[in-house]
Amino acid sequence: MFPHTRLRRLRKNSAIRGMLADPMPEPSKLVWPTFVVEGSGVKDEISSMPGQHRYSVDTLLGDVDRLLESGVRSVMLFGVVDGAHKSSDAAYALRDDAVVQRAVVELKRRFPELFVFTDICVCEYTSHGHCGIFSEEGEVLNDPTLELLSKMAVSHTSAGADAVAPSAMMDGQVAAIREALDGNGFQDALIMSYSTKFASSMYGPFRAAADSAPASGDRKSYQADFRNSAAALRESELDESEGADILMVKPALFYLDLISEIKRRSLLPLAAYNVSGEYSMLIASAERGWGDLTMMVRESIAAMARAGTDIIITYWANGYMEILKG
Ligand SMILES: [Zn+2]
């Protein structure tokens, strides 16, 4: 007790603080989510997410090369298509020559050591922008959507994806995808489920980037309600029982308590998705002179690690070396 105990002794200079610091996550703990588009020679910066781009497959290769050099060994791919490729049944998403499938083929050919996750959801490919089959009555139909998600997962895996990441928040999606993958000989493909994914207001910059905002209504009937923590925990428990290999909480920073709680309840690896709004709000704050960007990012990444994440999916991944140097 004070005055014998003085905690300031343990932080009196930078050397002792450094000795006692928890390590920052290694680059190998990070996954870089990124966006692929049709065409060639495309690298368009996303205005709502400075430092992030929409890439055609050829230009993506160059930036993934740099990513690997920096020690980050994994990407998660999202397809972005124009209106001509969108339909009510998201048929384009299932084509073996769709943009994500081609990107997977090229990435794995050029970088066999790269671990490739693909997002499995149809909202980027539906004309109505919802994450599943949409009924005339304006409802997203759960069970018919499962078949769509399963076919998409099989197509991505046959292109060479190491893992699929279903994000549609349909009940039973993990079990359906596992069965489809196993039935097609892809027993070794992992499923990283977006197991606890909230209907969050922090996805705005992503929706602008991926052009995936619903044309009408919202996603509150399928994504988790941030006001109901018991249901949010059940979502991850259910996905574990359906055979998910990795669980995930999305967004990350407003839900560190649930990350800790899920980590305590489950022995499965746990990922946190540090979403677009969490990325862009730090940039916006720094641009206004309200904080040092690198230090804010370091603090937020340390917080996600401390909460219990094994894997951090973050747009900071492609600049992580500079952030680590701080
Ligand atoms: Zn979706």
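The numbers here are math on the coordinates, done by the rules we state, and not lab data. All values derive from a computational prediction rather than experimental measurement. Note that we place each Cβ from the backbone using ideal geometry, even for glycine, and neighbour counts take in every protein chain shown.
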Among 303-310, 122-129, 42-49, how do they line up by average Cβ neighbours within 10 Å per residue, starting with the highest? 122-129, 303-310, 42-49
Calculate, axis by axis, the spread of Cα positions in the chain along the three principal axes, and write the results as whole Å, longest axis first. 71, 45, 40
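Name the GluC sites (Glu not before Pro) in the stretch 128-225 that are in a loop by DSSP and that have at most 11 other C-beta atoms within 10 Å, would you? All intermediate terms of the calculation are to be shown ahead of the outcome.
Working: sites: E136, E137, E139, E147, E179; in loops: E136, E137, E139.
Sparse-neighbourhood loop GluC sites (Glu not before Pro): E136, E137.
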When each of K197/K263; K43/K197; K220/K250; K250/K325; K108/K250; K86/K108 is checked by Cα-Cα distance, pairs over 21 Å: K43/K197; K250/K325; K108/K250; K86/K108
Taking every DSSP bridge whose two residues both lie in the chain, the antiparallel percent to the nearest 5 is 15
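Counting only helical runs of four or more DSSP H residues, what would the 222 nm mean residue ellipticity of the chain come to if each run contributes -39,500 (n - 2.57) and the total is spread over all its residues?
On the way: 11 runs with 125 residues, N = 326.
Mean residue ellipticity, 222 nm, calculated: -11500 deg cm²/dmol.
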Over the stretch 186-326, what is the percentage of antiparallel beta bridges among all DSSP beta bridges, to the nearest 5? 0
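Extension gain R9-E147, at 0.36 nm per residue separation less the Cα-Cα distance, in nm? Walk me through the intermediate numbers first.
Values: separation 138, 0.36 × 138 = 49.68 nm, distance 6.08 nm.
So the extension gain works out to 43.6 nm.
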Mind checking the angle between helix 229-242 and the chain's longest principal axis? C-alpha axes, 0 to 90 degrees, to the nearest 10. 60
Return one number: the angle in degrees, 0 to 90 and rounded to the nearest 10, between the long axis of the Cα atoms of helix 256-265 and the longest principal axis of the Cα atoms of the chain. 80
Inter-label distance for E299 and E322, nm, one decimal - labels placed 7 Å from Cα along Cα-to-Cβ: 2.0
What's the angle, to the nearest 10 degrees (0 to 90), between helix 57-69's Cα axis and the longest principal axis of the chain? 30
Diffusion coefficient, µm² s⁻¹, Stokes-Einstein with Kirkwood Rh over alpha-carbon pairs of the stretch 111-171 at 25 °C and 0.890 mPa s: 199
